[in-house]
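No lab work stands behind these numbers, since they all come straight from the coordinates. Just so it is clear, the structure is predicted and the values come from calculations on it, not from any experiment.
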Amino acid sequence: MGPADREAVFQAIALIKSARDLTLIVIEHDVSLVFAFCQTIAVLHQGKVVAVGPPDAIRNDARVQRVYLGRNAHAQP
């Protein structure tokens with residue numbers, strides 16, 4: 001599925017979610033789409049939970065940056 005199709009699917013899911021007041025679990029590797037769509041994100045690495053929280057907290061989490069971006073948690077930007 002291409003990016004445009006994936007975004008269309010997420011938009012359809014968002015409509016269903018709000019119309020029925022549902023909580024959904026989404027597994028997706030497109031981080032920008034996850035940050036735009038999800039209120040709470042759980043990040044897994046090698047089958048273990050690394051972090052859970054809202055998009056801003058996940059985006060700034062040193063553990064997530066270290067695991068997925070190879071950044072040193074103590075390095076200066």
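Among 51, 62, 36, the largest mean-square fluctuation in a Gaussian network model of the chain, built with springs joining Cα atoms closer than 10 Å, belongs to 36. Pairs of Cα atoms in the chain fall into 10 Å distance bins, from 0 up to the last occupied one, in shares of 16, 44, 30, 9, 1 percent. With angles folded into 0 to 90 degrees, how steeply does helix 3-20 sit against the dominant principal axis of the chain? Use alpha carbons for both and round to 10. It is inclined by approximately 70 degrees.
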